[in-house]
4 protein chains.
Amino acid sequence: MTEYPTSIGTSDAESITLLGHDLASEMMGKVSFGELAFWLAALRRPSAAELSVFEAVLVALADHGFTPSAIAARLTLTGAPESLQGALAAGLLGGGSRYLGVTEDCGKFLAAALAAHEGPLPTDEADWDELAARAITAQKAAGRLVPGLGHPIHKHGDPRTPVMFRIATDAGLLGPHLQLFAAIGRVHPPILGRTLPLNGAGVCGAALADLGFPPDLLRGFALLARTAGLLGHLAEEMRSPVGESIYRQTDESVRYVPPEG
Amino acid sequence: MTEYPTSIGTSDAESITLLGHDLASEMMGKVSFGELAFWLAALRRPSAAELSVFEAVLVALADHGFTPSAIAARLTLTGAPESLQGALAAGLLGGGSRYLGVTEDCGKFLAAALAAHEGPLPTDEADWDELAARAITAQKAAGRLVPGLGHPIHKHGDPRTPVMFRIATDAGLLGPHLQLFAAIGRVHPPILGRTLPLNGAGVCGAALADLGFPPDLLRGFALLARTAGLLGHLAEEMRSPVGESIYRQTDESVRYVPPEG
Amino acid sequence: MTEYPTSIGTSDAESITLLGHDLASEMMGKVSFGELAFWLAALRRPSAAELSVFEAVLVALADHGFTPSAIAARLTLTGAPESLQGALAAGLLGGGSRYLGVTEDCGKFLAAALAAHEGPLPTDEADWDELAARAITAQKAAGRLVPGLGHPIHKHGDPRTPVMFRIATDAGLLGPHLQLFAAIGRVHPPILGRTLPLNGAGVCGAALADLGFPPDLLRGFALLARTAGLLGHLAEEMRSPVGESIYRQTDESVRYVPPEG
Amino acid sequence: MTEYPTSIGTSDAESITLLGHDLASEMMGKVSFGELAFWLAALRRPSAAELSVFEAVLVALADHGFTPSAIAARLTLTGAPESLQGALAAGLLGGGSRYLGVTEDCGKFLAAALAAHEGPLPTDEADWDELAARAITAQKAAGRLVPGLGHPIHKHGDPRTPVMFRIATDAGLLGPHLQLFAAIGRVHPPILGRTLPLNGAGVCGAALADLGFPPDLLRGFALLARTAGLLGHLAEEMRSPVGESIYRQTDESVRYVPPEG
């Protein structure tokens, strides 16, 4: 008989165990939701410092207004008001490579650059800058963009970035991913020929990577954060619906074009 | 030109505003993720007491082991490992009327019973018991179950229920929905002919309703909580996959039966 | 050991069996896709007449332009271009009670009216009209709309309706659901005080019910039909994307409103 | 005012136009569902020969028994029986790179090999074999597998493959992708050091590419085909549910393992 090992939870008639602790007596009322989310994903309880960085990341990524994802969620509720889970799922499905991907791509890029570095990691800014310059140069030579650099709206600086650096510094958690990301911000202009801001989704990816999460999982935290934002949009859509109106407005702007040939 | 009013957020080149506050300087590092989730849905910041109840609900509902929802999420990751958002969405889609519905159904049942009550709400236990008895009797007469009563596994008492009552009491938030739910627990045995436990999903629905959330939205908080649980399952599935094995095991147990007739 | 009985398909090293037939030698090239879809759902092969009605229903329901569902699918592709399955899924999730539900609701309403009728079914138009009048009167008395009556755009007649009746008549498949639906079209004006068209989604529900499909499954055929339509939208979105533009247009029309109170 | 050009469909009070034709009078009853699906995606009506290949592909890909995707759809229906669209969406979400990806990956691999070939395409088998050998050798040198070669179950030959070649040959549609795929089947053993079957999902990808569909869209047809299969599974799940039992069986096989460290 195949067995499926898990470290998450079990339950029997008398108790529910989560992460090796009794849910009712040891978790409820004693662990915050953010703390539980970290613990479930990492299988270890975060320190207070780690939790402060983690919660700041979730808060930073929770919402960006009427994104394609939020609009899709609202339109889905318009068509299927009986299924809140469907509207939420539709919203999350738009959280792919193009929008939420930056958090993950940036974490992966930084992790790969650190992994490719031989010898001990830098201990001063100059050495970080050298490592950053090598990574940017290699990325440019491969014809690829540097994930986390640039933002379509916040062209002169993403307001979340300095705050996240400060929170991580205050927490004593300015790890190698964040330090390399900061160095990228310092050294990229001459290499790329223009000055770009370090964006907020990217700095969140760096911060999550410094918390020890594997790169493949980073998108998941952006999705968790976004779930709260989408729930806000859907609650608002229930109170004062605009989905029908977005649909009408869009449909009225459609122009029929005969297929070519 | 149609406009879409929103109270959630906006952004321009210099700033991101969330709920009327500057995201970077007033939210990040100052508001927990659970607090932000409440605020986004309610459009008002919770008090510390409200937040304690709200976070306890999210913790209580985050995970129940290998549920249909968690298994579906893992199997979806097996088939589409490149799309974490798809696996998460698939898991949420199982959070419908049968599993996560109890939280919502219980909140709705209690809200309807309170709305149907004429005159001021009870102030003592005897009056609550009378109101509860009327609601249960009417539900029974209509041939319907009382949502929140009974649990397939925790037949003699759901361990989350007394803890949630205590947390709400400590927070000074034992409102009419929770009081009616408690009364249902006291008076149902003679009416229904058997003694059933007040289940944990139900007490969470009552607590959320007492926090002022509309019944149609309650399922959403169960889904938010479950997102953290699903992320835990998917992180585990990435580390030590069992999806392929669940698939093989299930497929081997399939027996072909010719269609009838 | 639990076994899972299935009549759909099995495979071993040498062969793939679908519905009791060898997929490669007996199905591929010999059964159309529409025919297979009927067969999979009904577990019996349709006659040529049944197939003509079934395919006409799928064609009728495949697309309705830039619906909320099609817009959501396009926006999801904008955010997650790497996951066509996610965009398709997001589109289907909008196929709920409000849009695709009419097909199902109408089928259920007709089936319930037929089930409630005592004695043999009518054999002439006058008796069908009487049965229809009773069903409409009861629905009106309960304060509910008659599903399948009325259309937001085709106010003076849905062009699909007469064609579907003709196709079913030509196929010799004008069964009790379609006959009752036709009678509803004849008798409702004096009862409801206004003349409404029989809509195309409703007549499709009646036709599917006459083919013997259970009411709970009817929405599924609308979803299958819509999958082809959504694939058309997504193919077009890949060729000449408008998702980004819909997003920008919508986002520019957002107006921030401070939360009340 | 931004306009959204579309060649799919439009409607007004009197008519519904699909692909430039009147839906009611020119499409319903005159175009099969498979034909409409081709037309919607390609924006041109298929010839009878093209349709025969296209329908054979859809039939070949419709179902593979209790796949992760079918199991996820059934489990989702168990949890949310009110939302057939959610169960269908959950099933489709498992149709990603690992399962349905072969169709797309194979089409892309063949298209890239053809695009890389300089000069006119081969006209005899020997030249196709040479082109195939170069493509396989390059893929092997890059440390990558050849998509469409090998099958976990049909180790000695996928029964769908020769049938698809025959159907395409009979239709006069044995185009360059299929010819290259056939050559890969002939020449790979000495290069790869073992003999692998050409699998059915791969030959379907080659056939779709020969029909002129762009590689990025190929997964979409596998998803459309699978929608019919999933609907069959969900119809069966409604008649004789096994989702609850799969859940119980899986849950009973879970073994708690404390997190390491």
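Here, each number is a calculation from the coordinates, and none is a lab measurement. Computed from a predicted structure; not experimentally measured. Glycine also receives a Cβ, built like all others from the backbone with ideal geometry; neighbour counts cover every protein chain displayed.
The helix-based estimate of mean residue ellipticity at 222 nm for the protein assembly as shown, built from -39,500 (n - 2.57) per DSSP H run of four or more residues and divided by its residue count, is -18500 deg cm²/dmol to the nearest 500. Taking a span of 30 Å or more along the helix axis (Cα atoms) and a mean Kyte-Doolittle hydropathy of at least 0.0 as the rule, the DSSP H helices of chain B that qualify are B:218-239. Between D:16, D:136, D:167, the residue with the greatest mean-square fluctuation in the GNM of chain D (Cα pairs under 10 Å linked by springs) is D:16.
Distance between the 7 Å Cα→Cβ label points at residue A:134 and residue D:49: 5.9 nm. The label-point distance for residue C:125 and residue D:126, in a model that sets each label 7 Å from Cα toward Cβ, rounds to 7.6 nm.
Most tightly packed first, judged by the mean number of other beta-carbon atoms within 10 Å of their residues, the peptides A:29-41, D:120-132, A:139-151 read A:29-41, A:139-151, D:120-132.
Partner shielding of D:10-17 amounts to 6, given as the average count of beta-carbon atoms from other chains within 10 Å of each residue beta-carbon. About its Cα centre, the dipole of the range A:63-195 is roughly 500 debye, where the only charges are +1 on Lys and Arg Cβ and -1 on Asp and Glu Cβ.
Note on the range C:93-170 and the range D:155-234: Cα centroid distance 44 Å, given to the nearest whole angstrom. The charge dipole of the range D:1-88, taken about the Cα centre with unit charges on the Cβ atoms of Lys, Arg (+1) and Asp, Glu (-1), comes to about 320 debye, rounded to the nearest 20. A Cβ-based charge dipole, computed about the Cα centre of chain B with Lys and Arg at +1 and Asp and Glu at -1, lands at about 840 debye. With Cα atoms defining each centre, the range B:27-60 and the range C:8-87 are spaced 45 Å apart in the structure. Each Cα pair under 8 Å and six or more residues apart adds its separation to the average, and for chain B the resulting relative contact order is 26 percent.
Of the peptides A:188-197, B:204-213, the order by per-residue mean of other Cβ atoms within 10 Å, starting with the highest, comes out as B:204-213, A:188-197. Where a Cα-Cα gap under 30 Å defines reach, which lysines qualify for residue D:30, not counting those fewer than 8 residues away within the same chain? Output for residue D:30: C:30, C:108, C:155. Extending 7 Å from Cα along the Cβ direction at residue A:256 and again at residue A:112 yields two label points whose distance is 4.7 nm.
The calculated FRET efficiency for the pair residue C:141 and residue B:216, based on their C-beta separation and a Förster distance of 25 Å, comes to about 0.40.
Given their separation in residues at 0.36 nm each and the Cα-Cα distance between them, residue C:82 and residue C:194 gain 35.3 nm when the chain is fully extended.
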